[in-house]
Structure formats: C-alpha cells, structure tokens
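Student: Have a look at this one.
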Amino acid sequence: MHMRRTGAVLSIAALAAGLAACGGGEQTYATVADKVTGGGTVVVGTKWDQPSLGLKMGNEPEGFDVDVAKAVLKEVAGGKDVKIEWKESASSNREPFLQNGTVDIVFATYSITEERKGKVTFGGPYVVAHQDVMVRKDDTSINSPQDLKGKKICKAAGSNSYKRITEPPPDGELDIDATTVDAANYSECVQKLTGSNLDAVTTDDLILAGFAKQAGGNFKVLGQGFTDEKYGIGLKKGDTKTCEAVNKAVATLWSNGTMKTLLDKWFGGIQGLNVSTQAPTAEGCA
C-alpha cells in the first residue's frame with residue numbers, strides 16, 4: 001500500500017512538472033501579435049556586438065535595430081509600451097532561436113533572402129542597406145570591391161556577405177578570387193582587421209558605418225555599395241498574423257517620420273554612407 005501511494009504521489013508530481021514545463025502557469029499566445037496586444041513579455045533577438053545597430057550597453061542593447069524594435073512593437077500594441085526581454089541573437093543562431101522559441105521576434109540586420117524564407121516568415125523590410133567594403137584608413141591598395149582579388153576578407157559565421165564577393169550569381173555577386181578568414185561575428189572581423197590579419201571586412205554598409213564610427217577614424221568605408229540588403233523582421237515560420245501587423249507598423253513609422261529620425265540619430269553624418277530615405281516595399285508574408 002505504501003509503495004502504491006508513493007507511486008501515485010510521484011505520478012502527480014511528474015504531471016505537475018510537465019504542466020509547468022508547458023507554460024509555467026503563464027498565459028500562452030497563438031502568435032507574437034497576440035502576445036504584444038495581450039500584455040505579455042516579448043523576447044526580442046538583436047545583435048549585441050554591432051555599434052549603432054545593436055550593442056550591449058549595461059543591462060540592455062542600444063542602437064538602430066533596438067529602437068526600431070521598440071517602435072514597431074509599440075505600434076502593434078496600439079501605442080502602448082511593450083514589455084521586452086532582450087536576447088542576443090548572432091547571425092548563426094537567428095533561425096534556430098525562432099524555430100525553438102528562444103526568441104519571439106528578431107531585429108538583427110537580418111537580410112531577407114530566398115533561402116531564409118524557407119525557414120522564417122519575414123516582416124518588412126524596414127530599411128534597405130547595401131553591401132560595401134571597409135579597410136584600414138591608410139590602405140591605398142583597395143579602392144573598389146573589385147580590388148579584393150587576392151586579398152583576405154572576413155567570413156563571419158552565419159552571414160552570407162562573403163559569398164557576394166567570392167561566388168557568382170545567384171548566391172554570389174562578383175565572383176572574385178579572394179581568401180576568406182573565419183570569424184565568429186563581425187566584431188571579431190573588425191578585431192582581425194585592426195591586427196592586420198585581414199585586408200578588408202565586407203558586409204552591409206550600416207554595419208560597417210557603425211564600426212567605423214566606433215573606431216574613431218582608423219577605418220574607412222569605400223562608399224561603393226553593390227547590393228540591396230533588405231532588413232527584415234524575423235518571425236517563426238507561418239506567423240502571418242504578426243507579419244501583417246509589423247508590416248502595417250513599419251509603413252506607419254515611415255509615413256510619420258519616425259524611421260528617418262532613427263536613421264539620422266544613429267547614422268547621420270557618416271562619410272561615404274548613403275542612407276535610405278524612402279520606405280521600402282513590403283515583402284509578402286509567406
């Protein structure tokens with residue numbers, strides 16, 4: 001009898017633990033939009049190592065992507081402030097984090113590509129960047145992307161930027177014979193460029209501009225963008241309700257001048273940078 005009673009107690013405890021793991025007593029939501037309007041805490045993935053875009057400062061990150069995330073979610077919430085938990089999301093873990101529920105939504109220099117559309121539903125784009133090249137200020141041998149032939153460029157984990165240089169279309173762009181050097185992220189790429197382990201870092205001009213600004217004149221951006229990088233809002237595949245909501249929010253933020261204000265705040269006055277001034281066309285919520 002004692003053994004049967006103990007077994008029953010254990011079964012009840014196991015059931016309780018299972019229920020806790022499936023929500024911990026907290027309200028569950030069908031979509032991120034429902035969580036936003038229902039007052040839940042939204043877990044937002046951003047970069048934490050990219051100056052002017054998403055850089056961890058104190059308890060929270062700061063930058064353009066961070067401000068855009070706050071503005072978009074507030075708009076979706078009908079003008080109410082939204083409770084946000086920030087989660088570092090490097091290029092290499094954005095898709096896994098969305099798929100396994102580590103984050104609800106991603107604002108992290110997340111270029112919309114056909115390959116990624118197979119794994120992620122994208123809202124936006126909220127801005128269009130352009131791939132460019134950053135070199136040391138005293139380097140006179142690289143004056144255009146084509147000059148990267150035979151040079152060492154950075155290959156940041158999870159990023160496709162290096163392919164634009166080294167491969168032909170459709171995945172690449174220039175099909176140049178350059179040597180790639182591995183790095184965990186773009187902050188490590190910049191460290192390698194500082195230490196002369198690289199000849200150039202090539203990725204989106206907004207990313208490069210933030211690092212160049214932080215470095216105080218030690219680097220220069222060529223100002224020769226050669227792609228259109230549509231920064232999307234990453235959502236779990238199939239969350240079309242939230243996608244439609246954030247697209248409406250992005251359109252409003254462009255029409256009321258908020259997006260221009262944020263772009264000027266973080267990127268105004270940076271030499272060689274041509275910042276978008278018009279609202280990009282929204283992609284379909286697939």
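The values are calculated or read from the model by the stated rules, or taken from the named source; none is laboratory data. The model shown is predicted, which means the values in this text are computed figures rather than measured ones. A quick note on method: Cβ atoms are made from the backbone with ideal geometry, for glycine too, and the neighbour counts reach across all protein chains shown. Note: accessible area is taken over every heavy atom of the protein model, side chains too, but ligands, DNA and RNA are not part of it. Shrake-Rupley method; radii C 1.70, N 1.55, O 1.52, S 1.80 Å.
Student: Which of the residues belonging to region 266-277 are within 23 Å of N256 (Cβ to Cβ) and either touching a strand residue (DSSP E or B) at 6+ places or on another chain (Cβ under 9 Å) or modelled with pLDDT of 90 or more (or both)?
Tutor: W266, F267, V275, S276
Student: Here's something else I'd like to know. Can you tell me which residues in region 52-81 are open to solvent by 10 Å² or more (accessible area, probe 1.4 Å) and over 20 Å from W254 (Cβ atoms)?
Tutor: Start the filter on region 52-81 by keeping residues that are open to solvent by 10 Å² or more (accessible area, probe 1.4 Å), which leaves 52, 55-60, 62, 67, 70-71, 74-81.
Result: L55, K56, M57, G58, N59, E60, E62, K80, D81.
Student: Please go through (1) out of contact with any strand residue (DSSP E or B) (no Cβ under 6 Å at 6 or more places or on another chain); (2) part of a loop (DSSP other than H, G, I, E, B) for K163 and return the number of the only condition it doesn't satisfy.
Tutor: Of everything listed in (1) out of contact with any strand residue (DSSP E or B) (no Cβ under 6 Å at 6 or more places or on another chain); (2) part of a loop (DSSP other than H, G, I, E, B), K163 misses just condition (2).
Student: Out of region 57-74, which residues are among the aliphatic types (A, V, I, L, M) and in a helix (DSSP H, G or I)? Show your work before the answer.
Tutor: Quick first cut of region 57-74, residues among the aliphatic types (A, V, I, L, M) only: 57, 66, 68-69, 71-73.
Matches in region 57-74: V66, V68, A69, A71, V72, L73.
Student: What about A279, is it under 16 Å from A71 (Cβ atoms) and part of a loop (DSSP other than H, G, I, E, B)? Walk me through how you get there before you give the answer.
Tutor: On the way: under 16 Å from A71 (Cβ atoms): yes; part of a loop (DSSP other than H, G, I, E, B): yes.
Answer is yes for this residue.
Student: Something else: Just give me the residues in region 160-183 being open to solvent by 30 Å² or more (accessible area, probe 1.4 Å), farther than 18 Å from T227 by Cβ and of a type in the set (A, V, I, L, M), in sequence order.
Tutor: Of everything in region 160-183, just one residue is open to solvent by 30 Å² or more (accessible area, probe 1.4 Å), farther than 18 Å from T227 by Cβ and of a type in the set (A, V, I, L, M), namely V181.
Student: Please give the number of the condition G232 fails out of (1) assigned to a helix (DSSP H, G or I); (2) within 30 Å of L174 (Cβ to Cβ).
Tutor: Looking at each condition in turn, G232 falls short on (1).
Student: Next question, about the same structure. Against the definition (at positive phi and more than 22 Å from the chain's Cα centre (by Cα)), how does D175 come out, yes or no? Before the answer, list the steps.
Tutor: Working: at positive phi: yes; more than 22 Å from the chain's Cα centre (by Cα): yes.
Against the criterion (at positive phi and more than 22 Å from the chain's Cα centre (by Cα)), D175 qualifies.
Student: Okay, moving on. Quick one: would you say D177 is under 28 Å from K149 (Cβ atoms), part of a loop (DSSP other than H, G, I, E, B) and modelled with pLDDT of 95 or more? So that I can check it myself, show each step before the final result.
Tutor: Numbers: under 28 Å from K149 (Cβ atoms): yes; part of a loop (DSSP other than H, G, I, E, B): yes; modelled with pLDDT of 95 or more: yes.
Here the answer is yes, as D177 does meet what is asked.
Student: Determine if region 192-199 includes at least one residue that is closer than 30 Å to P96 by Cα, buried (at least 19 other Cβ atoms within 10 Å of the Cβ) and over 21 Å from the mean Cα position of the chain (by Cα). It would help to see each step written out before you state the result.
Tutor: Of region 192-199, the ones closer than 30 Å to P96 by Cα are 192-193, 198.
If we keep only those that are buried (at least 19 other Cβ atoms within 10 Å of the Cβ) too, we end up with 193, 198.
Remaining after also requiring over 21 Å from the mean Cα position of the chain (by Cα): 193, 198.
Yes, region 192-199 has at least one match.
Quick grid of which residues meet (1) over 23 Å from A90 (Cα atoms); (2) loosely packed, with under 15 Cβ neighbours inside 10 Å:
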position: N185; (1), (2): no, no
position: I207; (1), (2): no, no
position: F211; (1), (2): no, no
position: N218; (1), (2): yes, yes
position: Q224; (1), (2): yes, no
position: C243; (1), (2): no, no
position: T258; (1), (2): yes, no
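Student: Evaluate the following for A251: is it among the aliphatic types (A, V, I, L, M), open to solvent by less than 40 Å² (accessible area, probe 1.4 Å), assigned to a helix (DSSP H, G or I) and closer than 19 Å to A77 by Cα? So that I can check it myself, show each step before the final result.
Tutor: On the way: among the aliphatic types (A, V, I, L, M): yes; open to solvent by less than 40 Å² (accessible area, probe 1.4 Å): no; assigned to a helix (DSSP H, G or I): yes; closer than 19 Å to A77 by Cα: yes.
No: the conditions fail for A251.
Student: How many residues are open to solvent by 10 Å² or more (accessible area, probe 1.4 Å), part of a strand (DSSP E or B) and without any contact (Cβ under 8 Å) to a residue 60 or more places away in the chain if we restrict to region 118-159?
Tutor: Residues flagged as open to solvent by 10 Å² or more (accessible area, probe 1.4 Å), part of a strand (DSSP E or B) and without any contact (Cβ under 8 Å) to a residue 60 or more places away in the chain within region 118-159 amount to 2.
Student: I would also like to ask the following. Return the pair list, or none, for Cβ contacts closer than 7 Å from residues in region 264-286 that are closer than 13 Å to P125 by Cβ to residues that are among the aromatic types (F, W, Y) and crowded, with 19+ Cβ neighbours inside 10 Å, at least 6 apart or on different chains.
Tutor: Hits for this filter: E283/F122.
Student: On to the next question. Across region 82-117, what is the total count of residues that are open to solvent by less than 20 Å² (accessible area, probe 1.4 Å) and closer than 16 Å to K35 by Cβ?
Tutor: 5
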